[in-house]
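No value in this document is a laboratory result; all are computed from the given coordinates. Quick caveat: nothing in here was measured; it's all calculated off a predicted structure. With ideal geometry, Cβ positions are generated from the backbone for all residues, glycine too; neighbour counts draw on all protein chains shown.
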Amino acid sequence: MKKVIKREDYDKKIKRKTSYLCINLNRCTGCKSCEIACSFHFSKVFSPQISAIRIWRSNVSGDIEISLHSNCDLCNKEEEPLCVKYCAPKALIFIKK
Amino acid sequence: MKNSENFGWVGKICRVNLTNKTVKIEPTNKYMSQFFGGRGIAQWILLTELKPKVHPLAPENIIIFSTGPLTGTLAPISGRLCIDSKNFVTGGVGSSNVGGFFGSELKYAGFDAIIVTGRSSRPVYLMIENENVVIEDAKILWGKTTWETEDILKQKDRNIQVLSIGPAGENLVKSACIIIKRKHAAGRCGFGAIMGAKNLKAIAVRGRGKIKIAEPVEFIKSVDKVWGIIDNSSTINQRYRETLGTHFNTQRANDCCTLPYRNFQDDHWSNEKFLKVEPKVFEKWKTRNIAEFNSPIYMSSFYKIPEKGIETEGFEQNHAWDYMGKLDMNDPIAIIKAHILCNSLGLDIDNSSGVIAWAFELYEKGILSKDDTDGLELKWGDSEVILNLIKKLAYREGIGELLAKGVLEASKIIGSSSEYYAIHIKGQELAEGIRSAKGWALGIITATRGGGHLNGATMTGLQKISPEIGIKKFGDPNIGNQNVYSGKAKAVVWIEKLKAVVDMCGVGYHTSFWVGPELCDANQYAALFSTATGNKMSGDDLMLLGEKLQNVEKAFNTIHSGFLRKDDLPPKRLMLEPIKSGKYKGELLDRDKVELMLDEYYELHGWDKKTSWQMRKSLEKLGMHKVINILEREGKLIEKSY
């Protein structure tokens, strides 16, 4: 028999899955604070190499690329992702539904 | 200081000898008995290892690229790199602190510092990758601009960070500098030429390592505290976040009469001129705010002007003093072009504009004629001629050969009254207007590297600090009055120490009290330092090290360049000709009052008032016995004050 999931349980379950990391590229200054904050979340050291978020700013055009690795857990257990917390220009915003 | 675990630091320093092509790795701990990082370790090495008669361009000269224990961490503005060497312009202390992403990358590559000596027989560059240092052939890079060099070295991996010299450095021009990420300059001191003389075109670095922290939880608490101070700072929010970065300060500089005009004929711009080049004019080309590594403060903007084919990170405050003010340029496009040209050719904007402005004034006064200037008419503000002269200077073409010698040496060659128009501190070109703000002036004239507002130049007067804060911090209600002489030495000596602390920590100056009284003092840096490294230090402990560093640099200047009290005086022009317009019209640097400020300054340091040199008893009090021995050996230690 198919298990019936109560609506409130479903919402609870969905809650984490429907949190978003919104990126506003125009606001990003390319400072990489998010990168080092991210590495600190993973292993309490500073090392962009292990970060889930990577920033690259072109010297030539000033354009910015932001890549997010699939191992990003939106800083589970933290109040908000550390990349968002240390994003001074608020280019990264956390939306929790 | 013990630090066997390497927290904060990554623990290794690399020594490269370009003559023998040897690379030696040493533990950072070896150098930490006196100072704990960056400028401190570098200046100590220079004082103890460099013989006084070594010419700055000789193979024996040492150039040190160093970071601090907070570089690469989440402590704000942590991408800084200190570069220290014997100063090519003054012959004394050479020190520059540069932003970008190089310092942090160097630590991720496993090094706290790189010490380079010797001279390669052919052009080379250093490739540093994950604890490996290789000396590579730079034949294809020689002759290239800093922008081209960086692009070539980044082809393999776009995350490589590069510092390089341009044609100016290769041609041993005195105003040559080192450029990082196209726009960040390790300016002053002729460091570009020092690298050029070593045949060292560039250093490229790529790191995939990590920086460990002694007390991660406590460290983050200290970081959050500083981050909060910055976020709540009205100075930061109003001046550096929703503006064009440091360029925004031009308005305040004009109100305070610190914007030089036509080689310091005045320190104020007319409203008509100001409107032509005020920050607002540039805003239409801004595509985004730009911040350096881990900086919550945005120092500049990116500009795009498609119809002119211009795409560049914008300039900062100094460029307004230099190419807008000292040369009276009013064309915004040409101003941006001068910024691009200086950066790509590897020319320091302060020093290059200084010597060019001197030539313009000599032409105006009839001391130089068209015969001397390759047929060019040096008319103030003529942007075409100015851009042409920048190129001539970098390539030593025609009049560029004279200008490449720097304003002091060039004025000695021309003679007559040209020396009066050579506006320099200890031989290095002056950038800032200093007549109206006395504490600002004192910090600039006493700066060990020869001018520059990044040592003791207090901005308490320019910021109009309230009497309450003045009393609380310095016991003086007048500290916020920019044109009052008395009491300023106290602020200058305090700011000198704070800057030394910031440089040793390896972070940026814009998080500190220097920028606004609500920002960080040594206590905040001590909390960051202690939790990052596990070595407990108080703010006072760090300030004491700051004082010691100031004494190391003073000793270096005394031994290597023999500077005396007279060398701490401002240029004659600024003591004789008052400001001609603006709120502080009539202000000049009164010789007698400057002498009194200097008396107070030397007294606070415990230096001899007659010579300005250091005294045995003051150094003994600081426990600096090695410095005593070095000064004694050279016969430059004062036993008794006169």
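Quick check on chain B: take the gyration tensor over C-alpha atoms, sort the square-rooted eigenvalues as a ≥ b ≥ c, and tell me if it's rounded (a/c under 1.5), prolate or oblate. Judged from the Cα gyration tensor, chain B comes out rounded (a/c under 1.5). Amide H to amide H, with H built 1.01 Å from N, A:LEU92 comes under 5 Å of A:ASN24, counting only residues 5 or more places away or on other chains.
Backbone geometry of the range B:358-363 corresponds, through the Karplus equation with coefficients 6.51, -1.76 and 1.60 at θ = phi - 60°, to 3J(HN,Hα) couplings of 4, 4, 4, 5, 4, 5 Hz, x marking Gly and Pro. Taking θ as phi - 60° and the Karplus parameters 6.51, -1.76 and 1.60, the scalar couplings of the range B:597-608 work out to 4, 5, 3, 5, 5, 5, 4, 4, 7, x, 9, 5 Hz in sequence order, x denoting glycine and proline. Secondary structure note: in the range B:183-318, about 100% of the DSSP beta bridges are antiparallel.
The mean number of partner chain beta-carbon atoms within 10 angstrom of a residue's beta-carbon across peptide A:36-49 is 6. Of the peptides B:583-593, B:213-223, B:429-439, B:245-255, the ranking by mean beta-carbon count within 10 Å, highest at the top, reads B:429-439, B:245-255, B:213-223, B:583-593.
Peptide A:59-65 shows a mean partner chain C-beta count of 6 within 10 Å per residue C-beta. Annotation: the antiparallel percentage among DSSP beta bridges lying fully within the protein assembly as shown is about 80.
Using a cut-off of 18 Å between Cα atoms, the listed pairs B:LYS30/B:LYS617; B:LYS304/B:LYS391; B:LYS154/B:LYS183; B:LYS24/B:LYS201 include B:LYS30/B:LYS617; B:LYS304/B:LYS391; B:LYS24/B:LYS201 as exceeding that distance.
Ordering B:PHE7, B:PHE191 from the fewest to the most neighbouring beta carbons within 10 Å gives B:PHE7, B:PHE191. With the highest mean first, a sort of the peptides B:261-272, B:300-311, B:544-555, B:138-149 on other beta-carbon atoms found within 10 angstrom per residue produces B:544-555, B:261-272, B:138-149, B:300-311. If you plug the beta carbon distance of B:GLU468 and B:GLU518 into 1/(1 + (r/R0)^6) with R0 = 22 Å, you get a FRET efficiency near 0.95. A straight chain from B:ASP590 to B:LEU564 at 0.36 nm per residue would run longer than the Cα-Cα distance by 7.4 nm. Please go through the residue pairs B:LYS174/B:LYS198; B:LYS426/B:LYS554; B:LYS144/B:LYS426; B:LYS86/B:LYS156 and name each one whose alpha carbons sit more than 22 Å apart in this structure. From B:LYS174/B:LYS198; B:LYS426/B:LYS554; B:LYS144/B:LYS426; B:LYS86/B:LYS156, over 22 Å: B:LYS144/B:LYS426; B:LYS86/B:LYS156.
Note that the range B:272-284 has calculated 3J(HN,Hα) couplings of 4, 5, 4, 4, 5, 10, 5, x, 4, 4, 8, 4, 5 Hz, one per residue in order, obtained from phi through the Karplus relation 6.51 cos²θ - 1.76 cosθ + 1.60 (θ = phi - 60°); glycine and proline are x. Spatial offset of the range A:58-97 relative to the range B:17-61 amounts to 40 Å, using the alpha carbon center of each.
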